[in-house]
Amino acid sequence: MADPVVLCLSRSGEQTAHRIAAALGAKVHGREGRVEKADAFFPDALDHTRTLFAARTPIIGVCAAGILVRAVAPLLNDKREEPPVIAVPDDGSTVIPLLGGHRGANRLAKQIAGVLDAHAAITTAGDVALGVALDEPPTGWRLANPGDAKPFMAAMLGGEGVRLGGECLDDAEWLLDLPAENAVRLQVKATTRPVKADANTLVFHPAVFTLGIGCARGCGVDEIRDLVKQATEGANIAPGAIAAVVSIDLKADEVAINAIAAELGVPFRVFDAATLEAEAPRLANPSEVVFAEVGCHGVAEGAALAAAGPDAALVVPKIKSANATVAIARAPEPITELTGRKRGRVSLIGIGPGKAEWRTPQASRLVAEAEELIGYGLYIDLLGPLAHGKPRHDFPLGGEEDRCRFALERAGEGRDVAIICSGDAGIYAMGALVFELLDRSDPGSGPGQALSDAARRVEVISAPGVSALQGAAAKAGAPLGHDFCAISLSDLLTPREDILRRIKAAAEGDFVIAFYNPVSKKRRTLLAEAREILLAHRPADTPVLLASNLGRPEEKLVYRDLAALEVDEVDMLTVVLIGSSQSRLVGDRMYTPRGYAKKMGNVG
């Protein structure tokens, strides 16, 4: 989950907001014109709150609770996914967790109340009556059956007591004050063992084990899954007691190991060979063959021990299948902080034309989660307060390969980075270049400097964005109602002859056409040539939309007939939508019929 943000809507709340932010290491976002000092400013409280909420950012609003309620109400859906939302009045007298009580809001509210010497108005029944939320165990513990927590706590609130058990109970001090009177049916167990859990039995596992995995490249997930099952069942270890899956950094992108970590619901961490070799004296099964292959005497055992810490011990020495090895180590206490490097991630984020409300919730969430932002400076600026406080690396236009290479290398160091693009990252943007660089890094795949090994193993995900052609079409009406295509008129990367050939093909096919990069300071003739080619295949009064600065204050929409299209009206921030022979302009709305009138006529 992202770091919390403190919202301040008035000068009277500034002192309280900054006290909270200082204690939490959070940023203060202030309302423009109403707040004097803040880390970032926003123009509209409701819109900004919704943006943060959609990004799953914990929100602490120093304002009336009703403002936060009205802001997020349209987005309420699944309480298991909703971030904490907390209201604090300007004078800091009360701290009210509104949402996410069992996703950290209650704990955060108590922390804030301690800072402000205020009252935390916690209303969730478990916290109020029992003093503990059984569906939100402390860090280092996992509830095996969270779906049973609600009826279980309801029964406790009805007066039933609880029997406590399990060999790890002495380590679970947070459970020891649960009421024991009338304990007949309900029980709570704290154990590392796989025991039956149901509506009458809540089972808590301390995350004290680390699961080390090594495998041959391309090993199947079923083979590793069977080996993990053999190891855990043989040692009587519950999957919920595993804190992390770990391996050597050469396996950061191994599909099967990542899949096992995902199935267990735990992080995946990797170590370099030198770190694993430092564990050689503690290995039960050192191997010269493994050392010759990867530079350390053991992957599964070494990784498990390195992750569990210097006081850990192997409880399952290495076991093998045809293509994989597994080992398990145990730490003396629940693991609350993981060592090793996570697999880095590059998020390709299309923010649309720039308007916040045109940005998808996934894009906002990935921006909030990113540790660093990379891109053309203007595009990062368009994120507004959402980008504030994050390290950013601005690259000029023309530095596309440098920025993508930089992003991959930063992710290769274990960082979560975001490449910020306008429109959609996969449409005339950085998406294709990132994958080209990864492909080029494969020996024999093409010219150019290869990426580091770590950079080639990062995760790459894409968040769809509203492309310029979609934004322009929405403003116009429905010009893309029938077949359409997009053509870039930039000849920096595409030969001029290829561009003209594609324009001719689109003209002959009678496609609606979106021209991207229509002109530049030096390139002024291709758009005029395109106009002449199209006039040979469609009427002179074919409607054309010139859409500039979409979604921004400077937005401008102009309609022209195809024959009247002038190059001087167009710049690099303009997308040119040219209708097909069937496109129509009705008032200030443009559309392209798909043929329903003919169909309905035939039916009649």
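The values are calculated or read from the model by the stated rules, or taken from the named source; none is laboratory data. Keep in mind it's a predicted model, so treat the numbers as computed, not measured. Note that we place each Cβ from the backbone using ideal geometry, even for glycine, and neighbour counts take in every protein chain shown.
Filtering the stretch 487-535 down to residues that are of a type in the set (Gly, Ala, Ser) and assigned to a loop (DSSP other than H, G, I, E, B), which residue is farthest from the chain's Cα centre (by Cα)?
So, considering only residues that are of a type in the set (Gly, Ala, Ser) and assigned to a loop (DSSP other than H, G, I, E, B), the one farthest from the chain's Cα centre (by Cα) is Gly509.
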Exercise. Please state which of the following conditions Asn182 fails to meet, knowing it meets all the rest: (1) of a type outside the set (Val, Ile, Thr); (2) in contact (Cβ under 8 Å) with a residue 24 or more places away in the chain; (3) farther than 20 Å from Lys318 by Cβ.
Key: (2)
Quiz item: Do you know which of the residues in the stretch 381-416 that are hydrophobic (A, V, I, L, M, F, W, C) and outside any helix (DSSP H, G or I) is surrounded by the fewest Cβ atoms within 10 Å (Cβ to Cβ)?
Solution: Leu397
Exercise. Kindly list the number of the only condition in (1) surrounded by fewer than 18 Cβ atoms within 10 Å (Cβ to Cβ); (2) of a type in the set (A, V, I, L, M, F, W, C); (3) more than 24 Å from Ala356 (Cα to Cα); (4) at pLDDT 95 or above that fails for Ala478.
Key: (3)
Quiz item: Of the residues that make up the stretch 491-502, is at least one crowded, with 22+ Cβ neighbours inside 10 Å and either touching a helix residue (DSSP H, G or I) at 6+ places or on another chain (Cβ under 8 Å) or under 15 Å from Asp424 (Cα atoms) (or both)?
Solution: no
Quiz item: So, of the residues in the stretch 583-604 that are modelled with pLDDT of 95 or more and among the polar types (S, T, N, Q), which turns out to be nearest to the chain's Cα centre (by Cα)?
Solution: Thr592
Exercise. Mind listing just one residue for me: the one in the stretch 31-53 that is touching a residue at least 40 places away in the same chain (Cβ under 8 Å) and either assigned to a helix (DSSP H, G or I) or of a type in the set (Lys, Arg) (or both) and, of those, surrounded by the fewest Cβ atoms within 10 Å (Cβ to Cβ)?
Key: Asp47
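Can you confirm whether the stretch 23-30 contains a residue that is part of a strand (DSSP E or B) and without any contact (Cβ under 8 Å) to a residue 24 or more places away in the chain?
yes
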Quiz item: Are any residues in the stretch 295-311 more than 21 Å from Glu333 (Cα to Cα) and either at pLDDT below 95 or in contact with a Pro (Cβ under 6 Å, 6 or more places away or on another chain) (or both), and if so, which ones?
Solution: His297, Gly298
Self-check item: Enumeration of residues in the stretch 299-315 that are without any contact (Cβ under 8 Å) to a residue 24 or more places away in the chain and either aromatic (Phe, Trp, Tyr) or more than 17 Å from Thr339 (Cα to Cα) (or both)
Solution: none
Quiz item: Inside the stretch 340-399, can you point out the residues that are under 19 Å from the mean Cα position of the chain (by Cα) and of a type in the set (D, E, K, R)?
Solution: Arg341, Lys342, Arg343, Arg345, Glu357, Arg359, Arg365, Glu369, Glu371, Glu372, Lys390, Arg392
Practice problem: Specify the residue that is nearest to Val85 (Cα to Cα); the eligible residues are those in the stretch 112-132 that are modelled with pLDDT of 90 or more and surrounded by 15 or more Cβ atoms within 10 Å (Cβ to Cβ). | Solution: Ile112
Quiz item: Pairs, please: C-beta under 7 Å, at least 6 apart or cross-chain, first residue outside any loop (DSSP other than H, G, I, E, B) and in the stretch 441-469, second modelled with pLDDT under 95 and among the acidic types (Asp, Glu)?
Solution: none
Quiz item: When the stretch 161-204 is examined, which residues are found to be acidic (Asp, Glu) and farther than 15 Å from Leu134 by Cα?
Solution: Glu167, Asp170, Asp171, Glu181
Self-check item: Any hit, the stretch 300-317, residues being under 30 Å from the mean Cα position of the chain (by Cα) and of a type in the set (Val, Ile, Thr)
Solution: no
